[in-house]
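The values are calculated or read from the model by the stated rules, or taken from the named source; none is laboratory data. All of these numbers come straight from a predicted model, not from anything done at the bench. Glycine gets a Cβ as well: all are built from the backbone with ideal geometry, and neighbour counts include every protein chain shown.
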Amino acid sequence: MKKSVILFLSLFLIVFLACSKSASDDNPTPDDDQSQVPQNPQQLFPANFRATGSSANDILSNTNFDNLKIEIAYVTGFRPTQAAMDQFQDFLRRFTFKGTIELIFNELPSPNKESLNLNDDIGPLEIENRTVYNDGRTLGIYIYFADAPSEGDDLDEGLVTLGAVYRNTSMIIFEKTVKTLADRANSLEDEDVEIATLNHEFGHLMGLVNLGTDAVNDHEDTDSDNHCNVDPCLMRAELEFGGAGKSPLQTLSKGDLHSSCTLDGMGLLKQMEANVSRGAAAAPDLDAECQLDLETNGGRPNTNG
Ligand SMILES: [Zn+2]
Ligand SMILES: [Zn+2]
């Protein structure tokens with residue numbers, strides 16, 4: 001009688017262990033989950049793959065998101081300067097209500113391309129490399145610092161693209177071009193060109209001008225969509241390639257993915273050198289009209305003019 005009880009208990013234990021093992025196989029631990037690379041980020045995180053400017057209110061206000069988590073993805077050797085990163089966070093604190101603004105650095109190998117096209121290179125590279133997406137009350141942003149110029153650039157012709165925006169939470173900075181231009185300008189450092197490029201493109205993610213944030217008073221340039229006609233202003237039209245003339249914009253944007261802005265390196269350089277020679281800060285600030293637009297769309301009221 002006693003033996004059969006022991007046998008019964010042993011059998012019970014074996015069955016119990018077998019069951020718990022198979023249960024753990026069926027339900028992977030959170031560690032296993034994290035090690036699995038998402039198969040299709042566009043399906044998993046559709047809110048991060050929308051049109052440029054469509055998350056302007058989510059970036060500015062705390063209605064849906066309290067925090068910003070910004071992935072700084074950079075090719076080895078093309079990490080942006082710490083000075084530019086500090087100024088970039090100051091810029092975000094000035095115009096948004098976000099409680100926490102966190103930068104995550106993600107070093108990447110070179111894709112070994114001579115130039116980058118939005119649809120063939122930049123879009124697919126983001127799918128492959130991006131790790132930061134919206135999570136609860138935290139809004140995820142992805143910024144890629146590239147080691148190759150934009151397709152369509154021609155340095156001898158003065159056609160150089162510094163940055164572009166192509167989705168609601170994504171942008172690219174052509175860091176190799178940033179460094180080339182900063183080297184050529186006696187009065188400018190890498191960080192000056194970096195911060196002007198970053199803040200201008202981020203201005204578009206915050207919906208400027210009429211790109212998800214409506215202009216309170218009409219100040220959109222008639223020749224350059226989504227840019228400002230006030231001088232001086234960070235979002236000024238002269239900083240973008242536009243009009244009917246030769247422009248790398250069409251080349252960069254051929255295909256489904258479209259850039260709402262390609263920043264003209266020569267235009268920006270000219271303005272920044274003029275600012276420095278006047279004794280002003282190199283990078284232009286947002287003018288009062290652009291600031292009013294941001295505030296009206298849920299941004300932090302600007303107090304230092
Ligand atoms: Zn622009
Ligand atoms: Zn403006």
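Give region 257-297 a look and list any residue that's modelled with pLDDT of 95 or more and of a type in the set (S, T, Y), or say none.
Selection gives T296 alone.
Please find, within region 168-196, the residue that is surrounded by the most Cβ atoms within 10 Å (Cβ to Cβ) out of those that are polar (S, T, N, Q) and in a helix (DSSP H, G or I). Talk me through it step by step, then tell me what you get.
Pass one, region 168-196, residues polar (S, T, N, Q): 168-170, 177, 180, 186-187.
Filter again for in a helix (DSSP H, G or I), leaving 177, 180.
Values: T177: 23, T180: 15.
In this case the residue turns out to be T177.
Based on what the data block shows, is D225 within 12 Å of ligand 1 (Cβ to nearest atom) and surrounded by fewer than 18 Cβ atoms within 10 Å (Cβ to Cβ)?
Numbers: within 12 Å of ligand 1 (Cβ to nearest atom): yes; surrounded by fewer than 18 Cβ atoms within 10 Å (Cβ to Cβ): yes.
For D225, the condition - within 12 Å of ligand 1 (Cβ to nearest atom) and surrounded by fewer than 18 Cβ atoms within 10 Å (Cβ to Cβ) - is met.
Would you pick out the residues in region 65-86 that are surrounded by fewer than 21 Cβ atoms within 10 Å (Cβ to Cβ), under 15 Å from the mean Cα position of the chain (by Cα) and not in a strand (DSSP E or B)?
R79, M85
Please name all residue pairs, on different chains or six or more residues apart, with Cβ atoms under 7 Å, provided the first residue is in region 125-153 and is farther than 21 Å from Q39 by Cα and the second residue is surrounded by fewer than 19 Cβ atoms within 10 Å (Cβ to Cβ) and among the aromatic types (F, W, Y).
Here the result reads none, with nothing in region 125-153 linked to a residue that is surrounded by fewer than 19 Cβ atoms within 10 Å (Cβ to Cβ) and among the aromatic types (F, W, Y).
Could you give every pair whose Cβ atoms fall below 7 Å, whose first residue belongs to region 198-218 and is farther than 17 Å from Y142 by Cβ and among the hydroxyl-bearing types (S, T, Y), and whose second residue is at pLDDT 95 or above and within 11 Å of ligand 2 (Cβ to nearest atom), counting only separations of at least 6 or pairs across chains?
Matching pairs, first to second residue: T213/D293; T213/L294.
Can you give me the number of residues within region 273-287 that are under 16 Å from F91 (Cβ atoms) and either within 16 Å of ligand 1 (Cβ to nearest atom) or surrounded by fewer than 16 Cβ atoms within 10 Å (Cβ to Cβ) (or both)?
6
Looking at region 214-226, can you tell me whether even one residue there is under 23 Å from S170 (Cα atoms), charged (D, E, K, R), within 16 Å of ligand 2 (Cβ to nearest atom) and modelled with pLDDT under 95?
Within region 214-226, one or more residues are under 23 Å from S170 (Cα atoms), charged (D, E, K, R), within 16 Å of ligand 2 (Cβ to nearest atom) and modelled with pLDDT under 95.
In region 227-251, what residues are modelled with pLDDT under 60 and either closer than 20 Å to L118 by Cα or part of a helix (DSSP H, G or I) (or both)? Before the answer, list the steps.
Filtering region 227-251 for residues modelled with pLDDT under 60 gives 242-251.
Those that are modelled with pLDDT under 60 and either closer than 20 Å to L118 by Cα or part of a helix (DSSP H, G or I) (or both): G242, K246, S247, P248, L249, Q250, T251.
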